[in-house]
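See below for the structure under consideration.
The values are calculated or read from the model by the stated rules, or taken from the named source; none is laboratory data. What you are looking at is a predicted structure, and each value in this text was computed from that prediction instead of being measured. Quick reminder, even Gly has a Cβ in these numbers, built from the backbone with ideal geometry, and neighbours come from all protein chains shown.
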Amino acid sequence: MKYSYSFKFLWLGQSLANLADAFYMIAIVTFIYGITDSAAISALIPVIRIVAKFISNFFSPLLTERYRLLPLLIASQGSQTLLLIMFIFSILQWKEEHFLIWIVWLFIILLAFFDGWSNPARNSLVPRLVKKEQLVKANGLLSTSDQTVLLIGWAFGGLLVDLTGSQTVLVLTAICFMISTVSLFWIHDPNNTRKPSEKRSHMEIMKEGWHLLFSHSLLKRVAMIDFLDYTASSVWIGAITLTYVDKVLHEPHSWWGLLNSGYFLGTMIAGVLVIRYSKYIEKKLISTLFLMSFVAILLKLIFGFVTIPIVSLIAIFLLGFPYQAKGIAKKTMYQLHTSFDTMPKVFSAQYALCLVAYGSSCYLMGWVADHFSVQWVYVIAALATAGSTVVSYSLKKAQAKSIPFHSQQA
């Protein structure tokens, strides 16, 4: 089954953008730590990025209401490319560390803000560029590429920073973003016409995606699953995994890298299997969600309470399978049950909801790990996943009342 050239260029562009993001995070954390010599200040970077992306997502419906998706995606990545170039020149220009740190924080916020609407735009473009029967396979391909690129980026990014320095890696990041942006100009969106709409207030436009997400009998359940899954996923942040390696496994910190690599490898293999059996999964989206949620509960409990390192490595490798399969199934359900016009707004609301769940639960999980045994963190994660399993079971009844948008074919 062949994909359109437009989808291939989207695939190429987003893979390069994800590689650039991995390089950027390693370089910027190293740079901040080098200036401040503070792990606590460096740890603020993901928090600041989450807040900036949430604000961006909150206002992105105003942009999708006025502009077409492809120009928005080009503007998002083009702006990040220009900001990175300006960032590099600023680092070279300003030598006073006290002033430079504020310049760095400003660029971190701006880059995250312009990145905020790229994810909803990409997810909304996919069903326009592939046929309906290719949707699961296309989502699987993009998701697998994301995990592969992130694994490569995090594996080699640290090595490149050690060998060449953070500034050189930032230059490489800007080059990746530049090529990614250029590749988007080769995409043809067959549904690029915009219907004239009645004049509405800004608040009505911003609330539309949220209203659609929570008024639709099926989508509100998928959104609830997303919220619980992202709450549970915060257990994989670096601080908690490092504590687990130290307090539970009693292994050196190198095992943190092994566990991360094991997880990414599991998601990559799972993505290949999803692509291979996409026709079957397309017919069994709800069953896939339910079964994979149940498997994830068992694996999280095994990971949290078994103190044998090799068993933990196997468990986190296998956890990549339910995470990948569930993510692809959920994304496909959003795309199948949303119209082209409203899809960007629904994905903006969904992404903002996930950011809130992840950001708030990071603090909760960190507090639990500090005040109780770190193993309780994985119990909470398993309970959150159990909640998503219960909601998954109710999806079949909701699906019977929801008619997919069969016109979602390019």
Read through the list (1) at pLDDT below 85; (2) of a type outside the set (S, T, Y); (3) assigned to a helix (DSSP H, G or I), then give the number of the only condition that A223 fails. (1)
Which of the numbered conditions does R221 fail, given that it passes all the others? Conditions: (1) in contact with a Phe, Trp or Tyr (Cβ under 8 Å, 6 or more places away or on another chain); (2) crowded, with 22+ Cβ neighbours inside 10 Å. (1)
Within region 385-397, considering residues that are under 14 Å from A296 (Cβ atoms) and either outside the structural domain of V222 (by TED's automatic domain parsing) or touching a residue at least 24 places away in the same chain (Cβ under 8 Å) (or both), the one surrounded by the most Cβ atoms within 10 Å (Cβ to Cβ): S388
Of A349, A357, A382, which residue is out of contact with any Leu (no Cβ under 7 Å at 6 or more places or on another chain), part of a helix (DSSP H, G or I) and crowded, with 20+ Cβ neighbours inside 10 Å? A357
Are any residues in region 261-312 among the β-branched types (V, I, T), buried (at least 18 other Cβ atoms within 10 Å of the Cβ) and over 23 Å from the mean Cα position of the chain (by Cα), and if so, which ones? I302
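Looking at this structure, is L172 over 29 Å from I328 (Cα atoms) and either touching a residue at least 12 places away in the same chain (Cβ under 8 Å) or among the acidic types (D, E) (or both)? It would help to see each step written out before you state the result.
Numbers: over 29 Å from I328 (Cα atoms): yes; either touching a residue at least 12 places away in the same chain (Cβ under 8 Å) or among the acidic types (D, E) (or both): yes.
In short, yes.
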Pair list, Cβ under 8 Å, 6 or more apart: region 355-369 residue within 16 Å of S56 (Cα to Cα), other residue assigned to a helix (DSSP H, G or I) and among the β-branched types (V, I, T): L355/I50; G359/V47; G359/I50; G359/V51
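Can you list the helices (runs of 4 or more DSSP H) lying wholly within region 5-123 that have 2 or more residues being touching a residue at least 60 places away in the same chain (Cβ under 8 Å) and buried (at least 19 other Cβ atoms within 10 Å of the Cβ)?
Details: elements: 5-36, 39-42, 44-66, 69-93, 97-115.
Result: 5-36, 44-66, 69-93, 97-115.
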So P252 clears everything in (1) part of a helix (DSSP H, G or I); (2) under 24 Å from G366 (Cα atoms) except one condition, right? Which one? (1)
